[in-house]
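The block underneath contains the structure these notes are about, expressed in structure tokens.
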Amino acid sequence: ARKPAGIDHVHAAGAPMSLLTAWQFLIELGHDHPSPFQAARHRLVALGADTTVLVNGAAGGVGHFALQLAKWKGACVIAVASGGHEWFLRELGADEFIDYTKSRPEELVHDVDLVLDAVGGRESSRFLRTLKHGGALFPVFFGEYDDGEIANLGVTVSGNQVRSNGAQLA
């Protein structure tokens, strides 16, 4: 893909995989290859005005793109990051902001449609409690999840193995 005219080479070089990760988790799969981390194919969630998306790690490379893509699709976005990033994330369109250094998002937020967890890892399962029945958790960095808890809550956990895709990047 060509570098956009409005950004320099350094910023353009830093964007592709973060942007493609957000795009392929939220908008359109980038390939038909199965993920080595799950048997089922990643299932996208339709984003629109009636959708609430929580982005954990919203100020990071993947997170700030995910926030903008969800807003582009019309979703209400809750951004989770440290307090120093609130202004930046609100400028990008965050409807709500949670400073994780002061509050635990899973204690404040409930009934969201989708959590994109760009931090992931061991504590990602805490976001299962924020989802409404039928909701989905998309961990960028897969962790361990209790299949019984997932089934009991009526939610899904879905990951994706991101691949380079010039057409999507363009």
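What value, in deg cm²/dmol to 500, does the helix sum -39500 (n - 2.57) over DSSP H runs of n ≥ 4 give at 222 nm once divided by the residues of the chain? If you can, show how the numbers build up before the last one.
Values: 7 runs with 50 residues, N = 170.
It comes out at -7500 deg cm²/dmol, rounded to the nearest 500.
Which percent of the accessible heavy-atom area of the chain goes to carbon and sulfur, probe 1.4 angstrom? Could the numbers behind the result be given before it?
Numbers: 4710 of 9090 Å².
Here carbon and sulfur together make up 52 percent of the probe-accessible area.
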Test item: Cα-centred dipole of the stretch 19-152, Lys/Arg +1 and Asp/Glu -1 on Cβ, debye
180
How many nm separate the modelled label positions at H9 and E123, each set 7 Å beyond the Cα in the direction of the Cβ?
3.9
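Is the chain rounded, prolate or oblate when judged by the Cα gyration tensor, a ≥ b ≥ c being the square roots of its eigenvalues, rounded requiring a/c under 1.5 and prolate requiring a/b larger than b/c? Intermediate results must be reported in sequence, preceding the final value.
Values: a/c = 1.79, a/b = 1.20, b/c = 1.49.
Oblate.
Express the accessible area of the chain per residue in Å², computed with a 1.4 Å probe while the remaining protein chains stay in the model. Each step should come with its number before you reach the end.
Details: 9090 Å² over 170 residues.
Per-residue accessible area for the chain comes out at 53 Å².
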Taking 0.36 nm per residue of sequence separation and subtracting the Cα-Cα distance, how much length would be gained by fully extending the chain between K102 and A1, in nm to one decimal?
32.3 nm
What is the spin-label model distance, in nm, from W72 to F141 if the labels are put 7 Å beyond Cα along the C-beta direction?
2.5
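Applying a 10 Å radius around every beta-carbon, put 57-63, 68-74, 124-130 in order of their mean neighbour count, most first. Don't jump to the answer; show the numbers that get you there.
Values: 57-63: 22.4, 68-74: 17.7, 124-130: 20.0.
Order by mean packing, descending: 57-63, 124-130, 68-74.
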So what is the relative contact order of the chain, in percent, for Cα pairs below 8 Å that sit 6 or more residues apart?
24
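Only loop residues by DSSP count here, and only those with at most 13 other Cβ atoms within 10 Å; note down the GluC sites (Glu not before Pro) in the stretch 19-123 that meet that.
For GluC sites (Glu not before Pro) across the stretch 19-123 that sit outside H, G, I, E and B with at most 13 neighbouring Cβ atoms in 10 Å, the list reads E28.
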Over 5 Å intervals from 0, what percent of Cα-Cα pairs in the stretch 48-134 sits in each interval?
3, 16, 30, 27, 18, 5, 0
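Could you tell me the calculated FRET efficiency between N152 and R90, based on Cβ-Cβ distance and R0 = 45 angstrom, to the nearest 0.05? Please report the intermediate quantities before stating the final value.
Numbers: r = 35 Å, r/R0 = 0.79.
Efficiency at R0 = 45 Å is approximately 0.80.
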Which log10 I(q)/I(0) values, to two decimals, does the stretch 1-93 give at q = 0.22 Å⁻¹ under the Debye formula with one point per Cα?
-1.18
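The values are calculated or read from the model by the stated rules, or taken from the named source; none is laboratory data. Everything quoted here is computed from the prediction, not taken from an experiment. FYI the Cβ positions are ideal-geometry reconstructions off the backbone, even for glycines, and counts take in every protein chain you see. Note: areas computed on protein heavy atoms with side chains; ligands, DNA, RNA excluded. Shrake-Rupley method; radii C 1.70, N 1.55, O 1.52, S 1.80 Å.
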